[in-house]
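The values are calculated or read from the model by the stated rules, or taken from the named source; none is laboratory data. Since this is a predicted model, take the numbers as computed values, not measurements. Every residue, glycine among them, receives a Cβ derived from its backbone with ideal geometry; neighbour counts consider all protein chains shown. Each accessible area value is taken on the protein alone, full model and side chains, heavy atoms only, with ligands, DNA and RNA left out. Shrake-Rupley method; radii C 1.70, N 1.55, O 1.52, S 1.80 Å.
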Amino acid sequence: MAVMIETALEHAFNELLKVVLQQTIQTARFKTLLKRLEKTLKGVQPVFYESWTLSKVLDRPEKEITMFIDYMEKGKELVVKCPRINFWNVCQKLLHSNKLIRLNNELLRFFQIEFHPMSTSIRTLIGVYDLADKMDQVLSAISTHDPRMYTRSSLCSVPMLPELIIGLDSHREELKRMLLNDDAQVLVVSGSGGCGKTTLVKLLCHDNDIKDVFGKNILWVTVSRPSSLKTIAQKLFEHYGENHYEFQTDEEARNQLERLMWQMGSDSKMLLILDDVWSESESIVHDLKFRIPGYKILVTSRFLFPRFKSTYELRLLNEEDSRSLLCYSAFPCDGIRINVPDELVNKIVKLCKGLPLALTVVGASLCGQSLLKWKTTYKKWSEGQSILQSNTSVLLSLKSSIDELDELPIVKECFLDMGSFPEDERIAATTIMDIWVELYNFDDEGMYTSENLIELSLRNLINLAPRGKDTSELEGYCNELNVTQHDMLRELAIHLSSQEPVEERKRLFAEIFGNRFPTWWTEQITQPLNTRILSISTDETFSSIWYDLNAPKVEVLTLNIRSKKYALPYFIEKMHQLKVLSVISYGVYPTELYNLPLIGKLSNLKRIRFEHVSLSSFIQPIYSLGNLQKISFVMCKIGDALMSSSYVPPNLTELEIDRCYDLTKLSSGICDLVNLKKLSITNCHELDILPKGLGSLSNLEILRLSCCTKLQELPKSISMLQSLSFIDISDCLSISVLPEEFGELCGLKVLKMSGCRGLQELPVSITKLLQLEDVICDEETSYLWMNVESDLYNLRVNVVEEDRTESFMKIIQ
């Protein structure tokens with residue numbers, strides 16, 4: 001029996017190695033991961049010729065070895081599938097990457113136990129192997145120093161089309177005729193939530209006839225709720241590069257916007273898209289009507305607006321298109337039905353009543369399920385609400401798809417958590433992942449949190465999109481992605497989380513319009529709230545006058561704000577179990593924060609995220625928090641808020657600073673963060689120098705400095721960072737030389753340096769980097785490595801394609 005198992009293990013291993021070698025040559029997709037698998041397998045191969053080592057492997061329980069043989073056989077199928085993965089589908093790409101990474105890790109895990117001391121070929125592969133799997137994407141260039149990061153051409157540009165559009169071609173033609181031939185200035189596209197209004201208008205905007213008429217003057221603004229004329233005007237001004245305007249009144253905003261629209265529309269016609277307009281915003285649409293020749297407004301809304309007589313009511317899909325859409329989601333192989341009778345498919349299609357959102361979500365929930373699952377799903381759904389005529393019925397119908405997540409309870413919890421964020425906003429995936437790490441004890445490296453995001457995306461419950469230009473292979477993790485969610489699905493998450501009495505809810509979502517608090521809050525419930533997740537959203541008119549709230553068990557607090565000034569509520573100092581605090585401003589300008597010292601009283605706090613806010617030195621007490629592990633400053637006006645030598649978080653392991661455009665230098669106090677493992681300072685264009693004592697960060701493993709365009713050099717002390725395995729200096733345009741001591745970084749495995757235009761030569765010591773596996777650079781920089789490749793036998797120089805326009809935009813800043 002032992003001989004049979006040994007033979008089966010070696011056969012499965014050799015078959016896996018064979019297909020990896022084939023695919024590495026034949027396909028360009030997942031090239032980095034396939035090469036890594038190839039290296040791992042070749043490193044493991046000697047085990048089968050070393051009897052002592054092999055005997056140690058075979059000492060494992062027979063069941064474990066048999067299971068691993070089966071795992072390698074499935075791994076072979078996984079590798080063979082690489083060329084067939086749709087790279088345009090971010091979700092499929094990430095999911096497949098994650099599986100390849102896991103296969104690599106499982107090979108290392110299985111074969112690394114108790115090796116012969118001389119078998120160094122294996123041990124060199126162990127350790128911080130996954131660090132290369134988390135390589136950043138090079139973000140798109142930023143043409144101004146504006147804190148909101150958008151360029152002139154992106155803020156109000158038309159969004160990209162989804163991968164598949166079914167049943168909207170005839171609607172597009174009808175809508176196009178109305179828009180081009182109707183004299184009305186405002187055209188409203190109306191329909192129920194989830195019926196495809198936004199997708200239809202995207203399709204229209206990408207139509208060649210429409211682009212011929214309106215050219216580049218097609219502007220897209222998501223209105224949502226809450227909104228105001230001032231907010232819309234500021235977005236449009238910012239889109240055209242006019243960042244210095246700050247309107248005091250709606251009347252001023254209207255007058256200045258009319259002037260701008262006249263100026264921009266003087267030579268061609270102009271189309272303004274107002275997406276997702278609510279009934280209370282009808283007056284905003286009216287105020288945006290200007291007497292400009294060729295200027296039109298196209299509105300999408302769940303509501304009808306009698307004031308605007310030109311309305312296109314979007315009909316639901318017919319049965320044939322409904323079936324196609326459901327099959328596309330349920331049967332990923334080009335929508336071909338597998339082992340499910342036509343009659344059953346048609347019954348489920350009819351229950352969806354032609355609503356695209358329902359068809360997509362329900363189809364995704366049944367993808368890969370057995371026939372029995374299809375039958376039981378139909379039975380449960382047919383016994384419930386079946387007519388999708390109102391938003392309430394849509395929510396109830398979509399609930400059946402969420403019920404399918406009962407088999408994946410953590411994924412279901414993650415879906416419900418999405419109600420914490422405002423509608424129609426892009427949320428950084430890391431914001432969500434930080435919450436899940438603490439709530440569900442996920443790994444801090446990102447794999448399992450990423451898998452839950454991918455699972456939700458595969459079920460069409462969220463959308464994933466890269467934050468910037470994808471210039472490198474996304475290797476499994478979601479760190480560089482944004483998350484969006486259809487507002488109907490967000491409402492569903494809130495609806496399902498609000499079934500219990502307020503004081504018993506696990507999640508509590510409070511939306512404050514003006515200074516009108518929810519009734520349950522103002523009624524002052526006497527007993528403490530038991531919620532673990534508290535989300536409070538306020539609009540631009542909120543005055544920061546708070547009612548008290550007794551919620552001692554809160555572990556995650558999300559504050560979604562829009563006002564220019566915002567005072568943190570005093571009741572947070574009583575949240576002694578708080579682990580994650582996220583303060584994010586969605587206004588046009590950074591929000592000025594007050595009451596920051598309150599955070600210093602939250603002794604259990606582990607993760608803090610400040611995004612698009614203005615900070616002050618009053619933040620310093622938070623750096624004394626003994627349990628603080630990660631802090632993020634994103635698009636912040638940071639001033640003197642960074643830690644000084646007097647306040648240093650003793651257990652901080654990760655510090656992120658991104659797009660903080662007033663950051664000119666780092667305090668020397670950062671060098672005292674002896675437990676820091678990840679330091680990310682990116683897109684900080686005024687930063688020109690790093691502290692000389694950076695080498696004191698003895699535990700640092702990852703250093704990201706990409707797009708710090710004025711940074712002159714790396715400190716010489718960097719050579720002391722023996723644990724450092726990943727460095728990214730991409731687009732650091734002003735770095736002209738690397739320290740001569742750079743070769744002392746004996747643990748360095750990955751170096752990203754594309755766009756380092758000032759770099760003319762490499763230090764002689766670079767040949768000492770024997771552990772260096774990957775250099776990612778542009779073609780020009782790759783020539784610097786030609787003379788040293790022969791000395792670094794593990795090295796792969798990966799040349800990325802350069803965007804000339806993007807490079808120019810960085811240079812002129």
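Below, the figures for the structure above:
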read-out: Complete set of residues in segment 503-525 that are of a type in the set (A, V, I, L, M, F, W, C), surrounded by 18 or more Cβ atoms within 10 Å (Cβ to Cβ) and more than 25 Å from the chain's Cα centre (by Cα); value: Ile512, Phe517, Trp521
read-out: Close pairs from segment 650-662: first in contact (Cβ under 8 Å) with a residue 60 or more places away in the chain and basic (Lys, Arg), partner open to solvent by less than 20 Å² (accessible area, probe 1.4 Å) and part of a loop (DSSP other than H, G, I, E, B), Cβ under 7 Å, at least 6 apart; value: Arg659/Met635; Arg659/Asn683
read-out: Tally, over segment 29-76, of residues that are among the acidic types (Asp, Glu) and under 30 Å from Val775 (Cβ atoms); value: 1
read-out: Candidates Leu107, Leu103, Leu94, Leu16, filtered to the one that is surrounded by 15 or more Cβ atoms within 10 Å (Cβ to Cβ), in a helix (DSSP H, G or I), touching a residue at least 40 places away in the same chain (Cβ under 8 Å) and touching a strand residue (DSSP E or B) at 6+ places or on another chain (Cβ under 9 Å); value: Leu94
read-out: Residue that is of a type in the set (A, V, I, L, M, F, W, C), over 14 Å from Ser535 (Cα atoms) and crowded, with 23+ Cβ neighbours inside 10 Å, where the choices are Val613, Val634, Val580, Val556; value: Val613
read-out: Selected residue (criterion: least open to solvent (accessible area, probe 1.4 Å)) from residues of segment 690-724 that are assigned to a strand (DSSP E or B) and touching a residue at least 40 places away in the same chain (Cβ under 8 Å); value: Ile702
read-out: Inter-residue pairs, beta-carbon under 6 Å, first in contact (Cβ under 8 Å) with a residue 12 or more places away in the chain and in segment 274-298, second open to solvent by 30 Å² or more (accessible area, probe 1.4 Å) and among the polar types (S, T, N, Q), 6+ apart; value: Asp275/Thr198; Asp275/Thr222; Asp276/Thr222; Ser281/Ser227; Lys289/Gln185; Lys296/Gln185
read-out: Elements of type helices (runs of 4 or more DSSP H) contained in segment 409-517, each with 1 or more residues being at pLDDT 85 or above and of a type in the set (Phe, Trp, Tyr); value: 409-417, 429-439
read-out: Contacts under 6 angstrom Cβ, first residue in segment 183-204 being under 22 Å from Glu491 (Cβ atoms), partner open to solvent by 30 Å² or more (accessible area, probe 1.4 Å) and hydroxyl-bearing (Ser, Thr, Tyr), 6 or more apart; value: Val188/Thr311; Ser190/Thr311
read-out: Single residue of Leu673, Leu666, Leu642, Leu652 found to be open to solvent by less than 10 Å² (accessible area, probe 1.4 Å), hydrophobic (A, V, I, L, M, F, W, C) and within 24 Å of Ile584 (Cβ to Cβ); value: Leu652
read-out: Any hit, segment 566-576, residues being under 16 Å from Asp434 (Cβ atoms) and part of a strand (DSSP E or B); value: no
read-out: Any hit, segment 563-570, residues being farther than 24 Å from Glu491 by Cβ, open to solvent by less than 50 Å² (accessible area, probe 1.4 Å), among the hydrophobic types (A, V, I, L, M, F, W, C) and in the same structural domain as Leu602 (by the TED database); value: yes
read-out: Positions within segment 4-13 being more than 12 Å from Glu62 (Cα to Cα) and open to solvent by 60 Å² or more (accessible area, probe 1.4 Å), in sequence order; value: Thr7, His11
